[in-house]
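To start, the structure under review is shown below, and the notes come after it.
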Amino acid sequence: MEISTALSTVFQLMAIADFVAQKRLCCRFFRFQLIVEPDTGSFWLDVSGASNITKFLLTIFNFDE
């Protein structure tokens, strides 16, 4: 594993952790699950919650439905 790849992954995971920490303070209806594969494998953030969570997330990330 290259150092630059490892640092990139660390910074990405830190950004995800920061996002989760911030949203837990204001949006108590979120449920977060972070899955990180071994070594330099992929990682996923699963966000679920109330029935209107999809529309809320689309708004946060400026996506159109």
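The values are calculated or read from the model by the stated rules, or taken from the named source; none is laboratory data. Quantities reported herein were computed from a predicted structural model and do not represent experimental measurements. With ideal geometry, Cβ positions are generated from the backbone for all residues, glycine too; neighbour counts draw on all protein chains shown.
Restricting to region 34-51, name every residue that is over 20 Å from V10 (Cβ atoms) and surrounded by 10 or more Cβ atoms within 10 Å (Cβ to Cβ). Selection gives V47, S48, G49, A50. Residue check: is A6 at pLDDT 90 or above, out of contact with any strand residue (DSSP E or B) (no Cβ under 9 Å at 6 or more places or on another chain) and in a helix (DSSP H, G or I)? No. Take the conditions at pLDDT 85 or above, part of a helix (DSSP H, G or I) and over 24 Å from S8 (Cβ atoms) and apply them to L25. Does it pass? Against the criterion (at pLDDT 85 or above, part of a helix (DSSP H, G or I) and over 24 Å from S8 (Cβ atoms)), L25 qualifies. Close Cβ contacts (under 6 Å, 6 or more residues apart or on different chains) running from residues in region 19-42 that are under 14 Å from I53 (Cβ atoms) to residues that are of a type in the set (S, T, Y) comprise R31/S48.
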